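J.: Quick one: structure below, then a few questions.
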Amino acid sequence: MRVTDISVQAKNSNRVNISIDGKYRLSLDIYQVAELGIRNGADVTSEQVVKWEEESEFGKLYARTLEYTLIRPHSAKEIRDYLWRKTRTAKYKTRTGEIKDRAGVSQKIADRVYDRLCEKGYIDDEKFVRYWIENRQQIKGISRRKLIAELRAKGVDVRYITTQLTHTQRTDDDEIQKIIAKKGAKYTDETKLIQYLIRQGFSYDTIKDALVKGE
């Protein structure tokens, strides 16, 4: 077999198409091409091509997962869950409207992507907790109990949560006032307002104190 063409993709100048024996075979990003030493006209073995295809799969998944992580900080569990979904078989529609199955990536590739993101510092639960505490419903307000429950649901170790909460200035007294200012007018029945605030994770004593201050 021989590499017969290496051409930059029209829609993505960071990726190139590789043709083997006159037919398109795979795509790689430009850095992978350099790292793998791929040259036009070079003879290749089937083992090399399989390796390149694996690197192509890795590069595509890494790029998609990196984009996902940059939307906002994510917990390690969120990234693992995202990558797990990418290993599942998915349905897709062809141009003719036919529904087909698309095989997911291998777990080996998903693990490599996760490890690379960790190495680059994109996965850091301590930083994620700091972000979540600082930004979670800054205007609407949120109770400490609910905040902890959200972070635990995202798989964060309680040690990180406890550490970061000791450094924050937010208190349930301040947070409940935000909620009352936002939602209070909707409740003509104080009992229903109290029930709502309890569901938000505030203690009964904190609620009563807040309502007294608001009178």
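The values are calculated or read from the model by the stated rules, or taken from the named source; none is laboratory data. Everything quoted here is computed from the prediction, not taken from an experiment. Positions of Cβ are generated from backbone atoms using ideal geometry, with glycine treated the same way; all protein chains shown enter the neighbour counts.
J.: Being within 22 Å of residue 69 (Cβ to Cβ) and either among the polar types (S, T, N, Q) or assigned to a helix (DSSP H, G or I) (or both): is that true of residue 150 here?
T.: For residue 150, the condition - within 22 Å of residue 69 (Cβ to Cβ) and either among the polar types (S, T, N, Q) or assigned to a helix (DSSP H, G or I) (or both) - is met.
J.: Taking region 116-172 as the region of interest, how many residues are touching a Lys or Arg at 6+ places or on another chain (Cβ under 8 Å) and aliphatic (A, V, I, L, M)?
T.: Going through region 116-172 one residue at a time, the tally reaches 8.
J.: Could you look through region 136-147, keep only residues that are among the basic types (Lys, Arg) and in a loop (DSSP other than H, G, I, E, B), and pick out the one that is surrounded by the most Cβ atoms within 10 Å (Cβ to Cβ)?
T.: Taking the candidates together, the pick is 136.
J.: To continue, here is another question. Would you please list the contacts, defined by Cβ atoms under 8 Å and residues six or more apart or on different chains, that run from a residue in region 170-189 that is over 12 Å from residue 202 (Cα atoms) and in the same structural domain as residue 207 (by TED's automatic domain parsing) to a residue that is among the β-branched types (Val, Ile, Thr) and part of a helix (DSSP H, G or I)?
T.: Cβ pairs passing all conditions: 170/133.
J.: Follow-up. Kindly evaluate residue 16 against the criterion of being of a type in the set (A, V, I, L, M, F, W, C), outside any helix (DSSP H, G or I) and farther than 30 Å from residue 161 by Cβ.
T.: yes
J.: Also, I was wondering about something else. Can you confirm whether region 125-135 contains a residue that is surrounded by fewer than 19 Cβ atoms within 10 Å (Cβ to Cβ), out of contact with any strand residue (DSSP E or B) (no Cβ under 8 Å at 6 or more places or on another chain), at pLDDT below 90 and not assigned by TED's automatic domain parsing to the domain that holds residue 65?
T.: yes
J.: Out of 43, 21, 5, report the one residue that is in contact with a strand residue (DSSP E or B) (Cβ under 8 Å, 6 or more places away or on another chain), without any contact (Cβ under 8 Å) to a residue 24 or more places away in the chain and charged (D, E, K, R).
T.: Every option except 21 fails the conditions.
J.: Looking only at residues that are surrounded by fewer than 17 Cβ atoms within 10 Å (Cβ to Cβ) and free of Cβ contacts under 8 Å to residues at least 40 places away in the same chain in region 49-67, which one is farthest from residue 105 (Cα to Cα)?
T.: 67
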